[in-house]
Every structure is written in C-alpha cells, then in structure tokens.
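Student: Mind having a look at this structure? Questions to follow.
Read-outs: derived from the displayed coordinates by stated rules, not from any lab. None of these values were measured; they are calculated from a predicted model. Ideal geometry is used to build each Cβ from the backbone, glycine not excepted, and the neighbour counts take in all protein chains shown.
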C-alpha cells in the first residue's frame, strides 16, 4: 500500500511524536533517526518556535576564516558551509591582501525598497502624479506602523512611482523607500506596504495586488576593494606578473561570457553566503539580490555582469573591487534568536549592519580572488579535491587511523572515487591485518 504524506494534525504533535511518525514513515533505523537529535547546548524549544513541524536540526560545519582586516579592524570570520576549501581560500586571500593594508569597505546606506503593485488603472500618468502629491500623508501613515524604527532614526523616507508596460496592461508600481537601520527590514517594509496599499489603490483608481519588499536592494549596497601584491602571487611555474595577467584573463571571460559569469559570481557567494548563514541572516535574499543585481548591471548590454572587477595598478599589482546589495541586519529574526548565530555575531564584534555588510563584501572578494588565482595557476581542483578525498575515504569506511593513508593514495593516483577508496582500503587491511 502506498504511503500517504497527508498527516492530519502533524503540526500539533510534539517534536518527539513527529520524529516517531517520520521514522516509521521513512523506515529509518534507530541509528539513522538519531541524526535528528538536537546538538548539546541547544534548547530544542528555540528551533520549535522558529519554523513549523520541527523534528531536529541540520548542522553545517562551522569554520573560522583568519587574517581578515577591513578598514583597519581585524576579524575572525565564522563561515557555515559544507563545501571544502572555501574557508582556507578566504583565509589565504585575506593574508595576501593584508600585506597591502587589507580590505577597504564602504556602504551606500540602509534603505530598503517595498513595492505596491496596482492594476486596472485608467489614467496611469495622472495617477502617478496623484500618488506623488500624497507623499507626506503616505509616509506618515507608513511610519505610524513602526514607531520604534522611527525612534532609532529609521523609517519611511520617500515614495516613487513607476509605470511598467506588461502583457496585462500598464502596471503602476509604487516604491516605498524605508531606512531599516540595523535591521534587515523585511517585516517592517512588508507591514508598511500592506498598510498603504488601500490608499494607494484609491488614489490610483485601481486595485492593489502585490505588497512586498524587493530583494534587489540597490539603495543598500556594500563595497570592498583590496590590492594583491604581485610579488606574493608568484608560483614555481610563473612570476607574479604572469599570474596577474592570467587572473585578468580569467576575469575577462566572466565579463564577456554569461556561462563563466554565473560560476564566477557563485564563487563570490560561496564566501558571502557562508557568513550570512553563520550570522542568522537570510542567505536566500542575499543570493537573490546579488544575482539579480548582476543582471541589473547589464541593462546597457549583455545578460549578466561579474559582481567583482579586477585591474592592474601602476606598479603592476592586482586590484580587486566588488559591489552588491547587502540587506543584512543585526536586529530581529534568527540573528536575535539562534544561539549559534548570536555567538558568531559577538565573535565578529560588528557594531552595526553597515559594518557587517562591508565585511561580507570583503569576504566575497577574498573568495573570488582565491578562486581566480587557483583557476589561473594550478587549477581549482587541487585544494578542493584534497579535502574531498577525506570525505570519500570516510564514506568508504576508513577508520580515523586509516584516513591519511587512503587519501594519500587517492591523490597520488588522481583517482578520488568511492570505488577506488574501497579498493585501497582493502589493500591496506590485507597488508596489515591488525589495522
């Protein structure tokens, strides 16, 4: 008989009761089901209140990137990610940049954009003017929804109106600009947009549809730059000057080819998203904003642009820079609830969302530089596969004392595969029966 996922009242069950249902439904062994247990030091009720139908947690490795200096301040950077070599790559890049003063960060502000979509407007151009004329009462109504944000210097700042042609007629879209200060701003902006929608629809003479924040936070950009001294880039096979030229060649492919650019920008987000996750921020929003911004930059031609830029200075050193939306916060959400996120924020010692945003931009640039450097010299797989080989060895059944020997053989043979790992393990055990 087919199993049914229609489970009445599942949300009413306790965590233990839900685990029992899941275990029986999935045919999990007792050992497999233990993977859902909460880690020591974490109060289960915290997670049960964060999302629905909780049965456990999904831990990610949490590493620390070292060597980071941004605007003259040093950081130890927590990174939550499952991909090998990311933490080491960021640390190594930060060490190179540190020799020339580290990273220099900037941010454009903390303004978020909320959207109110209005359809069936008979006179869109005139409706736009009616809404702009009502700017002051609209802003006052928005700010009345979050007096605490206003108290801390934030709140609704302006109203913009766009007319957008579409297959369903001209849409009138109001942008509510809200200074979120040190918060991410999602709840505040959404609440304000929902409150204003009826009056905006009345002024426009249409019907409101969507009332929600935009993750394309073009008024909340983070920037970072760094110089990577050429003499530190030399390898046994190439001079520093040659490595700089190779990195510029690799960057140029991303600038002209969307297939490469997608991977180029993904590498940037390897670094950024791991820190966003570690601090309890919304990594999906940051990813969406970054990749959309890459397309937004290409409006004057092309389909997508790299989020970073590389150039040579007069001394021949490599200079990298990056700019992207960074709607992160230190107030509310998981950042204020998740115990690990709270510890990580304290470890970072950031004093505001703007400082965190600049640090994130620096981490993204560091990660990107390391990837380009590896691609332009030894290839990306060397460091990545050395770490991956350890995972393969463990999966093949290697005990702690056997892992190094198995990994050494796999790397030497350039055969990092599960079937070969099992063969090597069998050979080692036959050679040393007592292992």
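Student: For the chain, build the convex hull from the C-alpha positions and give me its volume per residue in Å³.
Tutor: 216
Student: How do 186, 192 rank when sorted from fewest to most other Cβ atoms within 10 Å of their own Cβ?
Tutor: Listed from fewest to most nearby Cβ atoms, that is 186, 192.
Student: What is the fewest-to-most order of 264, 338 by other Cβ atoms lying within 10 Å of their Cβ?
Tutor: Exposure proxy ranking, most exposed first: 338, 264.
Student: Here's a follow-up. How far apart, in nanometres, would the label points at residue 164 and residue 98 be if each is projected 7 angstrom from Cα along the Cα-to-Cβ direction?
Tutor: Roughly 4.5 nm, to one decimal.
Student: So if R0 is 45 Å, what FRET efficiency would residue 191 and residue 30 give, r being the distance between their Cβ atoms, rounded to the nearest 0.05?
Tutor: Once the sixth-power term is evaluated, E becomes 0.50.
Student: At residue 432 and residue 152, where each label point lies 7 Å from the Cα along Cα→Cβ, what is the point-to-point distance in nanometres?
Tutor: It works out to 5.7 nm between the two label points.
Student: Between the alpha-carbon centers of the stretch 1-44 and the stretch 50-83, tell me the distance in whole angstrom.
Tutor: Answer, in whole Å: 27.
Student: While we're here: Would you mind computing, in nm to one decimal, how far apart the modelled labels at residue 57 and residue 106 are, each placed 7 Å from Cα along Cα→Cβ?
Tutor: Rounded to a tenth, the inter-label distance reads 4.0 nm.
Student: Moving on to the next point. Report the Cα centroid-to-centroid distance between the stretch 387-404 and the stretch 152-211 in angstrom, as an integer.
Tutor: Centre-to-centre distance over Cα atoms comes out at 54 Å.
Student: Within 10 Å of each residue's Cβ, count the other Cβ atoms and sort 191, 335 from fewest upward.
Tutor: Going from least to most buried by this count: 191, 335.
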